[in-house]
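Everything below concerns the one structure shown next.
The values are calculated or read from the model by the stated rules, or taken from the named source; none is laboratory data. Everything numeric here is computed off the predicted structure, so don't read it as measured data. Neighbour counts run over all protein chains shown; Cβ positions are idealised from the backbone, glycine included. Accessible surface is based on the protein model in full, side chains and every heavy atom, while ligands, DNA and RNA are left aside. Shrake-Rupley method; radii C 1.70, N 1.55, O 1.52, S 1.80 Å.
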Amino acid sequence: MTVDEVLKTAKEKMRKTCDVYQKEMVSLRAGRANPQMLDRITVDYYGQETPINQIAGVSSPEARLLVITPWETKMISPIEKAIQKSDLGINPSNDGKVIRLVFPPTNEERRKDLTKVARKSAEEAKVAVRSIRRDAVEQFRKLKKNSEITEDDQREAEESIQKITDKAIKDVDEICANKEKEIMEI
């Protein structure tokens, strides 16, 4: 494996880590109803665990309301149970045709808790990015040990991976700051 391949692989892994963190932040409830909040909730659909958005239409007609319209009315009860078991903390209500999720306004204490969750996830994402950097640096050292690259090449490669790491960490910090700002809005 060459230095360029190691750098390309590390950059790709770091980008994926940022993407995963971004998706995690989208599903974090900030007081506003967002259909993507239901993406991680699965329902038993004919013996197969299936995401809600694949067995029902999900819309947000108001800022604090989600409406779930199952394509099969017999799926209302399993969808309701899956939402109740989830960590959303919302009680669904149904009228026999659709399920409504009403999101209450969050109080100050809950918003502070949510920002702590966002920061904790951000720190986990940064740890993952640093781990990717450490693996890349080890590969550069192996290449140097096997005399496949010079000491100068190794130093340049380590500087490059550090720049890529700094950018990924900056991206995670930006995502976290934007989510915190969104959470703290009233």
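Do the conditions hold for VAL137, that is, is it part of a helix (DSSP H, G or I), open to solvent by 70 Å² or more (accessible area, probe 1.4 Å), among the β-branched types (Val, Ile, Thr) and under 30 Å from ILE164 (Cα atoms)?
On the way: part of a helix (DSSP H, G or I): yes; open to solvent by 70 Å² or more (accessible area, probe 1.4 Å): no; among the β-branched types (Val, Ile, Thr): yes; under 30 Å from ILE164 (Cα atoms): yes.
Considered against the rule, which asks whether it is part of a helix (DSSP H, G or I), open to solvent by 70 Å² or more (accessible area, probe 1.4 Å), among the β-branched types (Val, Ile, Thr) and under 30 Å from ILE164 (Cα atoms), VAL137 comes out as no.
Has the stretch 82-95 got any residue that is assigned to a helix (DSSP H, G or I), in contact with a strand residue (DSSP E or B) (Cβ under 8 Å, 6 or more places away or on another chain) and surrounded by 13 or more Cβ atoms within 10 Å (Cβ to Cβ)? Let's see the steps before the verdict.
As a first pass, look at the stretch 82-95 and keep what is assigned to a helix (DSSP H, G or I): 82-85.
Keeping just the survivors that are in contact with a strand residue (DSSP E or B) (Cβ under 8 Å, 6 or more places away or on another chain) gives 82-83.
Restricting the remaining residues to those that are surrounded by 13 or more Cβ atoms within 10 Å (Cβ to Cβ) gives 82-83.
Yes: one or more hits.
Pick from LYS120, LYS126: which is modelled with pLDDT of 90 or more and out of contact with any helix residue (DSSP H, G or I) (no Cβ under 9 Å at 6 or more places or on another chain)? Give the steps one after another, and end with the answer.
On the way: LYS126 fails: out of contact with any helix residue (DSSP H, G or I) (no Cβ under 9 Å at 6 or more places or on another chain).
Step by step, each of LYS120, LYS126 is checked, and only LYS120 is modelled with pLDDT of 90 or more and out of contact with any helix residue (DSSP H, G or I) (no Cβ under 9 Å at 6 or more places or on another chain).
Name the single residue that is modelled with the highest pLDDT among those in the stretch 29-44 being buried (at least 17 other Cβ atoms within 10 Å of the Cβ) and not in a helix (DSSP H, G or I).
Filtering first and then ranking leaves VAL43.
Which of the residues that make up the stretch 149-180 are exposed (fewer than 13 other Cβ atoms within 10 Å of the Cβ) and not in a helix (DSSP H, G or I)?
Answer for the stretch 149-180, where residues must be exposed (fewer than 13 other Cβ atoms within 10 Å of the Cβ) and not in a helix (DSSP H, G or I): just THR150.
Please specify each residue of the stretch 60-74 satisfying the condition of being among the polar types (S, T, N, Q) and surrounded by 13 or more Cβ atoms within 10 Å (Cβ to Cβ).
First, pick out the residues of the stretch 60-74 that are among the polar types (S, T, N, Q): 60, 69, 73.
Result: SER60, THR69.
Given the residues LYS144, LYS120, LYS167, which is the only one that is of a type in the set (D, E, K, R) and more than 19 Å from ASP4 (Cβ to Cβ)? If you could, list the steps in order and put the result at the bottom.
Values: LYS144 fails: more than 19 Å from ASP4 (Cβ to Cβ); LYS167 fails: more than 19 Å from ASP4 (Cβ to Cβ).
Selected residue: LYS120, the only one of LYS144, LYS120, LYS167 that is of a type in the set (D, E, K, R) and more than 19 Å from ASP4 (Cβ to Cβ).
If we keep just the residues of the stretch 13-55 that are within 19 Å of the chain's Cα centre (by Cα) and of a type in the set (Ser, Thr, Tyr), which is farthest from VAL127 (Cα to Cα)?
Going through the qualifying residues, I end up with THR50.
Is it the case that the stretch 110-128 has a residue that's in contact with a strand residue (DSSP E or B) (Cβ under 6 Å, 6 or more places away or on another chain), surrounded by fewer than 13 Cβ atoms within 10 Å (Cβ to Cβ) and either on the phi < 0 side of the Ramachandran plot or not in a loop (DSSP other than H, G, I, E, B) (or both)?
Taking the stretch 110-128 first, the residues in contact with a strand residue (DSSP E or B) (Cβ under 6 Å, 6 or more places away or on another chain) are none.
No, there is no match, as no residue in the stretch 110-128 is in contact with a strand residue (DSSP E or B) (Cβ under 6 Å, 6 or more places away or on another chain), surrounded by fewer than 13 Cβ atoms within 10 Å (Cβ to Cβ) and either on the phi < 0 side of the Ramachandran plot or not in a loop (DSSP other than H, G, I, E, B) (or both).
Restricting attention to the stretch 56-72, does a residue exist that is under 20 Å from the mean Cα position of the chain (by Cα) and over 20 Å from ARG110 (Cβ atoms)?
yes
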